[in-house]
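Comments concern the structure below.
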Amino acid sequence: MDHHKPSEPRPTPSGRGRGGRAALILVLTISLICGAVAAASLWSAGAKADGELAAHRHQVRATTTGPAKDPPAATRHGSTPRALAPAVWEQPDHVRRSGTVHVPPGTPQGNAVTIWVDDNGTPARPPGSAADRTLTSLSGGSVATASVGAIGAGVLVLVRRRTEARRLAVWEQEWEQVEPVWSGRLHRGKAPGTDDD
């Protein structure tokens with residue numbers, strides 16, 4: 001009469017629940033914030049660098065002195081194919097210069113083209129555009145978001161495993177004390193760990 005056989009299955013430790021979801025949301029929020037900060041920083045740094053570069057870049061009109069020739073290996077300026085042609089132009093201080101410049105394929109001799117030169121009148125790359133900065137900022141922000149998110153998720157997994165292992169160990173110890181009484185195997189007056197015989 002004192003013994004009672006349970007009709008219910010063995011209880012299990014409490015699950016993860018809301019705490020895990022909240023931690024995941026926190027990691028996602030932090031990674032998005034880091035991505036936004038990285039993107040804004042890249043935009044600001046790019047705008048500053050482009051502004052400084054623009055102060056030393058000048059657009060001038062050059063006149064080709066020969067037909068455009070395709071370079072030995074295909075070259076690209078952005079997404080537009082570029083050929084090379086000899087040309088003459090004047091620096092901003094009206095000093096005449098000559099050299100080879102990038103032109104659209106098929107440009108004939110005597111054609112006027114716009115080129116970028118530096119303070120010395122040497123052909124140079126143009127300052128970056130807002131579109132270039134946007135692409136760089138978005139790319140950098142995405143990388144930062146993914147990196148912080150991956151690191152945060154990894155830390156969450158490790159913490160969760162350690163917490164779950166500790167919880168299971170404590171639960172097993174408690175179960176060793178409770179199970180004999182709960183299952184009815186322990187007679188009244190017998191201490192856990194003594195023989196029933």
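Among residues of segment 115-129 that are open to solvent by less than 40 Å² (accessible area, probe 1.4 Å), those with a Cβ under 9 angstrom from a residue that is in a loop (DSSP other than H, G, I, E, B) and of a type in the set (Lys, Arg), sequence gap 6+ or separate chain, pair up as Val117/Arg57; Asp118/Arg57; Ala124/Arg57; Pro126/Arg57; Pro127/Arg57.
Taking (1) within 30 Å of Ser31 (Cα to Cα); (2) in a helix (DSSP H, G or I) in turn, Gln173 satisfies each apart from (1).
Within segment 128-187, which residues are of a type in the set (Ser, Thr, Tyr), more than 30 Å from Ala54 (Cβ to Cβ) and at pLDDT below 85? Passing the criteria: Thr163, Ser183. Residues in segment 105-114 that are under 14 Å from Arg82 (Cα atoms) and surrounded by 14 or more Cβ atoms within 10 Å (Cβ to Cβ): Thr107, Val113.
The residues of segment 23-36 that are surrounded by fewer than 17 Cβ atoms within 10 Å (Cβ to Cβ) and modelled with pLDDT of 85 or more, listed by number, are Ile25, Leu26, Leu28, Thr29, Ile30, Leu32, Ile33, Ala36. Of all residues in segment 86-116, which are assigned to a strand (DSSP E or B) and more than 23 Å from Pro127 (Cβ to Cβ)? Passing the criteria: Pro86, Val88, Arg96, Ser98.
The values are calculated or read from the model by the stated rules, or taken from the named source; none is laboratory data. Since we're looking at a predicted model, the values are computed, not measured. Cβ coordinates were reconstructed from backbone atoms using ideal geometry, including for glycine residues, and neighbour counts include every protein chain displayed. Keep in mind that these areas ignore ligands, DNA and RNA; they rest on the heavy atoms of the full protein, side chains included. Shrake-Rupley method; radii C 1.70, N 1.55, O 1.52, S 1.80 Å.
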